[in-house]
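The values are calculated or read from the model by the stated rules, or taken from the named source; none is laboratory data. Just so you know, these numbers come straight off a predicted model, no measurement behind them. Here the Cβ positions follow ideal geometry from the backbone for every residue, glycine too, while neighbour counts run over all protein chains shown.
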Amino acid sequence: MEEVQVIEKDDMVVSIEEAKERYKRLQGFVKFVMKEGSDYGVVPGTDKPTLLKPGAEKLNNVYGLSSEINLIEKTEEWDKPFFNYMFKTTLYDKRKGVKVAEGIGSCNSMESKYRFRWVFGSELPADEEKELLKTKKFFSKKHNREYVMFRILNDDIFSQVNTIQKMAAKRSYVDATLKATRTSDFFTQDMEDLSDYQPVAKKDIKDKKVLLDSIATFRDTLGMEKEDLTLIVKEMFKTADVSKLTTEQLTEIENLLTEKLNKGIEEAETIKQETLT
C-alpha cells in the first residue's frame, strides 16, 4: 500500500504567520460559505457541529481535492439476515496528483436505524407486548392530542441494503475530508445517519432551515427512506436537490408529509374505535 507522506514538525513548509492566515481564511469559509442544515448540522449534546456530505464536498472542492472510493470489506448473510460494508476513500491533490489522506467508513444492518422501525399501536403484530417496547411520543395539532409510536424489529432489512452501502461510503468520505482539510477543530464525524439526529436551525431564523428540519422530522416519523422523499420532490418540482427549492415549494412538501402522517393517525383511530365497539 502506498504510504501517505507525513511532514515532521522540524520540516514546516509555512511560517507561523502564514499558518495563522490560512486558519483565518478557513474560518471565514466555514462561517460565510457553508450553510447550517445542509453542509453541517448541530447535534444536541455535542461540542462541535457535524460535517455532512455536501459540506465535505465543498471543502474538497475549495482545497482542489479529488476522491476515489473503494469497497474494502463486506459481509452479506442473507439467511440471518446481516449486512456489513466497509469503504475506503482516498483524496488526491488535483494539481500535483499526490495522495493527501485516506478515510475509512463502515455501516451494518445491526445499527438501530436499520435494525428497527417505528409503527403506531394499530400496526403492531398481535404477539408484540407493548410494555416491553421502546416508545416515542409526538403531538398532533390537527387532532389536539398526543400519539405514541412503538419500536419493533425491521422485518424488511433487505430493501435497505443499498442504503447501508451508501452510508458506509459516505462515512469514509467525510472521514477522509476531515483529515485532508484539517477541519476537526470545526467539525466532528458525520452522524446524520443516527435516528435521533436532526440539524438544529437557529431559533431566530424562520426560513428554509426550519422547513428542512421539519421535513426531515416528518420523514423519519413516517419511516420514509431518503430515496423515497427524493422521488416525491423530483416528481413535484422536476429536481431532486431540495436546496434549490423555494420556501413555498418546501412548504408544499411539508404539507404533503403532514397529510400523510394525519392519514396514518386517522386510520389508527378508526381501527381503535372499531376494536372498542
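Among T89, T75, which is in contact with a Ser or Thr (Cβ under 6 Å, 6 or more places away or on another chain), assigned to a strand (DSSP E or B), β-branched (V, I, T) and outside the structural domain of L245 (by TED's automatic domain parsing)? Lay out the reasoning, then the answer.
Working: T75 fails: in contact with a Ser or Thr (Cβ under 6 Å, 6 or more places away or on another chain).
The conditions single out T89.
Test A126 against the criterion of being among the aliphatic types (A, V, I, L, M) and in a loop (DSSP other than H, G, I, E, B), and give yes or no.
Criteria met by A126.
Report whether or not V148 is in a strand (DSSP E or B), surrounded by 16 or more Cβ atoms within 10 Å (Cβ to Cβ) and modelled with pLDDT under 90.
no
Considering D155, D185, D190, which residue is assigned to a loop (DSSP other than H, G, I, E, B), more than 30 Å from K244 (Cα to Cα) and either assigned by TED's automatic domain parsing to the domain that holds K53 or at pLDDT 80 or above (or both)?
Values: D185 fails: more than 30 Å from K244 (Cα to Cα); D190 fails: more than 30 Å from K244 (Cα to Cα).
Only one candidate passes the filter, namely D155.
Could you tell me whether any residue of the range 106-113 is assigned to a strand (DSSP E or B), closer than 20 Å to M224 by Cβ and either free of Cβ contacts under 8 Å to residues at least 40 places away in the same chain or not hydroxyl-bearing (S, T, Y) (or both)?
Yes: the range 106-113 contains one or more residues that are assigned to a strand (DSSP E or B), closer than 20 Å to M224 by Cβ and either free of Cβ contacts under 8 Å to residues at least 40 places away in the same chain or not hydroxyl-bearing (S, T, Y) (or both).
For the range 38-45, check the following and say yes or no: at least one residue is among the polar types (S, T, N, Q), modelled with pLDDT under 90 and surrounded by fewer than 16 Cβ atoms within 10 Å (Cβ to Cβ). Give the derivation first.
Step one: of the range 38-45, the residues among the polar types (S, T, N, Q) are 38.
Now drop any that are not modelled with pLDDT under 90, which leaves 38.
Checking which are surrounded by fewer than 16 Cβ atoms within 10 Å (Cβ to Cβ) leaves us with none.
The answer is no; no qualifying residue exists.
With respect to the numbered conditions (1) over 27 Å from V174 (Cβ atoms); (2) part of a helix (DSSP H, G or I), which one is the sole condition not fulfilled by N61?
For N61, the exception is condition (1).
Would you please list the contacts, defined by Cβ atoms under 8 Å and residues six or more apart or on different chains, that run from a residue in the range 57-70 that is over 14 Å from G103 (Cβ atoms) to a residue that is among the acidic types (D, E)?
Every condition considered, the pairs that remain are K58/D39; G64/D93.
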